[in-house]
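Shown next, in structure tokens, is the structure this report addresses.
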Amino acid sequence: MIEIKNITKTYGEQKALDNISFSVNGGEIVGLLGPNGAGKSTLMKILTCFIPPTHGEAFVCGNSIYDNTMAVRRHIGYLPEHNPLYLDMYVREFLRFAAGLSGIKNNRERVEEMIALTGLTPEANKKIGQLSKGYRQRVGLAQALIHDPQVLILDEPTTGLDPNQLEFIRNVIRTEGKKKVVLLSTHIMQEVEAMCDRAIIIDHGKIVADESISNLSALALTEQFHKLTS
Ligand code: ADP
Ligand code: MG
């Protein structure tokens, strides 16, 4: 469902991604694991058609990021890294707006479903600006899921959350991952162990490991990751 072929991205002199290739199939939760600056967000922005690569090609559900931008976006639910939300909008108002942009027919019904799914019910009458980080993240997740996309791309979905919020969000991602392809990024090893079926470790724009979690002992993965970050 996601196919990445020899993607390179340079920002001026700097190579943020260096000839990255991998593919992800249905029902997999894949963790893109790497230290800050590794290139995780850059890869996600390319897949969601926000920036073009310098070289290479990628397909989402068979649609090229160059030729079928609209189709790519329709198939993807995206939670960006800093989850830019409209702080002055009410939760319901924002989600209805997001549903409208995606052309959803049963707008109201779908928004209520997403509010229930992401545990937003007690906060649903508030403005987004009044919510804690964890609840803002839930709004971001509800927005990403609203058009029932086949592919979920989540950029550091659990960074900075307290333990209760963390467990809730992890559960939503695990549940959705049974029905969709999920590509999530994190710089925290435990997040990959807790949620993912497969880990792709990326460093300085290059893939240094690509293994299923069950194949690779957690210990070996941790050691490999610590080598990178120490
Ligand atoms: P990660 O998400 O893994 O922390 P990023 O993809 O954000 O990494 O960044 C990869 C590298 O590209 C970093 O060195 C970063 O400084 C650089 N970079 C990212 N965005 C830009 C940009 N718009 N202009 C110049 N350099 C950038
Ligand atoms: Mg990032």
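The values are calculated or read from the model by the stated rules, or taken from the named source; none is laboratory data. The shown structure was predicted, so the numbers you read here are calculated from the model rather than taken from an experiment. Glycine also receives a Cβ, built like all others from the backbone with ideal geometry; neighbour counts cover every protein chain displayed. Each accessible area value is taken on the protein alone, full model and side chains, heavy atoms only, with ligands, DNA and RNA left out. Shrake-Rupley method; radii C 1.70, N 1.55, O 1.52, S 1.80 Å.
Computed values, structure above
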quantity: Relative contact order (%) - criterion: Cα under 8 Å, at least six apart; region: region 2-229; calculated: 29 percent
quantity: Contact order normalised by residue count of region 1-126, Cα under 8 Å, 6+ apart, percent; calculated: 20 percent
quantity: FRET efficiency for ASP197 and GLU112, using Cβ-Cβ distance with R0 set to 45 Å, rounded to 0.05; calculated: 0.90
quantity: Difference of contour (0.36 nm per residue) and Cα-Cα distance, ASP210 to GLU81; calculated: 44.2 nm
quantity: Cross-link pairs beyond the 30 Å C-alpha cut-off, checked among LYS15/LYS227; LYS40/LYS105; LYS5/LYS179; LYS105/LYS127; LYS5/LYS105; calculated: LYS40/LYS105; LYS5/LYS105
quantity: Residues whose placed amide H lies under 5 Å from that of ASP18, excluding near-sequence neighbours; calculated: LYS9, LYS206
quantity: Choice from ASP197, ASP162, ASP210 with maximal GNM fluctuation in the chain (Cα, 10 Å cutoff); calculated: ASP162
quantity: SER21 paired with ASN6, simple spin-label distance in nm, labels 7 Å along Cα-to-beta-carbon; calculated: 0.7 nm
quantity: Spin-label model distance (nm) - LYS126 vs GLU57, 7 Å beyond Cα toward Cβ; calculated: 4.8 nm
quantity: Relative contact order computed over region 139-216 (Cα-Cα under 8 Å; 6+ residues apart), in percent; calculated: 26 percent
quantity: Helix-derived mean residue ellipticity, 222 nm - over the chain, DSSP H n ≥ 4, -39500 (n - 2.57), to 500; calculated: -11000 deg cm²/dmol
quantity: Choice from LYS133, LYS105, LYS178 showing the highest fluctuation, given a GNM over the chain with Cα pairs closer than 10 Å; calculated: LYS105
quantity: Those residues of region 89-113 whose amide nitrogen sits under 17 Å from the label point placed on THR175, 7 Å along Cα→Cβ; calculated: 110-113
quantity: Most mobile listed residue (GLU191, GLU57, GLU93) in the chain, GNM with C-alpha springs under 10 Å; calculated: GLU93
quantity: Region 74-194: antiparallel DSSP beta bridges as a percent of all, rounded to 5; calculated: 10 percent
quantity: Calculated FRET efficiency for the pair HIS226/LEU101, C-beta based, R₀ 45 Å, to 0.05; calculated: 0.60
quantity: Fraction of beta bridges assigned by DSSP in the chain that are antiparallel (%, nearest 5); calculated: 55 percent
quantity: Portion, in percent, of the accessible area of the chain that falls on carbon or sulfur, probe 1.4 Å; calculated: 50 percent
